[in-house]
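One structure below.
The values are calculated or read from the model by the stated rules, or taken from the named source; none is laboratory data. What you are looking at is a predicted structure, and each value in this text was computed from that prediction instead of being measured. Cβ placement follows ideal geometry from the backbone for every residue including glycine, while neighbour counts extend to all protein chains displayed.
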Amino acid sequence: MSGLKAVGPDQSGEVPLVSVIIPTIGRPSLIAAVESALAQTWVHTEVIISVDGSGHLLDDVRLPDDPRLRVISSDVHIGAQLARGRGIAESRGAFVALLDDDDTWLPTKIESQFNIANRIMGGGSQHALVACRTEVVLPDGQVIGTAPRRVPTPQESIPEYLFVRRHIAPGEAVISSSMLFFDRELADIVPLDARLPMHDDWDWLLTVQLCTGIGVEFSPEILTRYTQNPAGASVSSSGNWVSSSDWFMGRKKDLSAREFSDGVLCICVPLALQQGKWREAGKLVRTSLREGSPGFPALAFVFLMSAKSLFWPRSSKRRK
């Protein structure tokens with residue numbers, strides 16, 4: 001794959017193979033995820049289920065009978081990001097698409113992102129990193145919104161897009177693993193090998209930009225479905241504020257003062273408040289003010305979150 005530029009059909013008419021990597025712990029939702037990957041209009045795919053633990057986790061999961069499907073296992077728990085990396089190491093495709101086992105894709109997801117990658121690499125870029133918008137649904141299938149509300153501008157860096165708060169309302173900037181499509185060589189340069197308690201997606205994206213200088217280009221289409229689980233059932237709602245704060249402190253040298261401060265205020269502080277850690281939340285606010293340069297929307301967001309936790313604490317208590 002070295003030196004791959006244009007990515008259309010080769011002389012035999014064969015189109016590039018796309019490797020779909022699905023890390024899993026054997027949740028029932030895996031079946032829908034796999035079916036959506038196999039139902040793509042881009043049929044030249046391989047789907048690798050990378051089991052985070054023993055292969056016996058899939059004993060009660062009835063997977064589709066399809067020759068494009070492979071299952072590998074780590075035998076011990078290694079975490080989702082390492083399971084993704086292990087799946088990529090076993091893959092044969094020129095491109096990689098990531099899919100979480102509780103998300104699904106619309107049928108044109110790979111084809112649409114491939115066309116963007118083809119344009120990027122055909123224009124002379126060595127690598128392509130493409131995301132898309134997602135439909136947010138409840139477990140019963142009810143659609144409650146789309147994300148992100150805006151995509152990054154060409155001038156925005158990845159951390160600027162993710163962390164700098166432009167408006168008070170949350171959910172403006174989103175990049176998750178199931179949105180991502182990229183060339184395999186990019187994963188060779190920056191392996192998905194971090195074993196972090198939180199923010200492994202962001203950590204990889206930030207390292208990619210630091211190592212290669214490329215950013216994320218978004219398809220304007222809604223190409224994935226993300227299931228919003230009940231409060232406390234996901235990392236974003238039940239994650240440890242300490243792990244989140246540790247990540248921002250560890251990455252502080254790679255972030256601008258505004259990126260660091262806004263990230264701590266809008267991500268770490270709400271996690272502390274959800275867990276009833278008022279004193280710790282106050283320390284995080286002081287750290288943001290002392291070691292960075294927060295914007296007004298981030299400060300206003302924290303004020304509103306604090307007021308909500310103080311006057312409507314019932315939702316916070318349920319998350320403890």
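Return the residue satisfying two criteria in turn: it lies in segment 137-158 and is in a strand (DSSP E or B) and out of contact with any Lys or Arg (no Cβ under 8 Å at 6 or more places or on another chain), and of such residues it is nearest to residue 215 (Cα to Cα).
It comes out as 145.
For segment 149-192, what are the residues that are of a type outside the set (A, V, I, L, M), in contact with a helix residue (DSSP H, G or I) (Cβ under 8 Å, 6 or more places away or on another chain) and over 27 Å from residue 257 (Cα atoms)?
Within segment 149-192, 181, 182, 183, 184, 191 meet the criteria.
Table: residues versus (1) modelled with pLDDT under 90; (2) outside the structural domain of residue 218 (by TED's automatic domain parsing); (3) farther than 30 Å from residue 296 by Cβ.
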position	(1), (2), (3)
100	no, no, yes
115	no, no, yes
125	no, no, yes
133	no, no, no
146	no, no, no
158	no, no, no
182	no, no, yes
190	no, no, yes
195	yes, no, yes
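Among what's in segment 85-118 and is charged (D, E, K, R) and closer than 18 Å to residue 54 by Cβ, pick the residue that is farthest from the chain's Cα centre (by Cα).
90
Consider only pairs whose beta carbons are under 7 Å apart and that are at least six residues apart or on different chains; among these, list those whose first residue lies in segment 78-92 and is assigned by TED's automatic domain parsing to the domain that holds residue 22 and closer than 12 Å to residue 177 by Cβ and whose second residue is small (Gly, Ala, Ser) and surrounded by fewer than 20 Cβ atoms within 10 Å (Cβ to Cβ).
81/194; 83/74
I'd like the residue in segment 265-283 that is within 14 Å of residue 246 (Cβ to Cβ) and surrounded by 23 or more Cβ atoms within 10 Å (Cβ to Cβ) and, out of all such residues, is nearest to the chain's Cα centre (by Cα).
It comes out as 267.
Can you list the strands (runs of 3 or more DSSP E) lying wholly within segment 38-127 that have 2 or more residues being buried (at least 20 other Cβ atoms within 10 Å of the Cβ)?
Ranges flagged: 45-51, 95-98, 103-105.
Among 104, 134, which is hydroxyl-bearing (Ser, Thr, Tyr) and touching a Phe, Trp or Tyr at 6+ places or on another chain (Cβ under 8 Å)?
Going through 104, 134 in turn, the sole match is 134.
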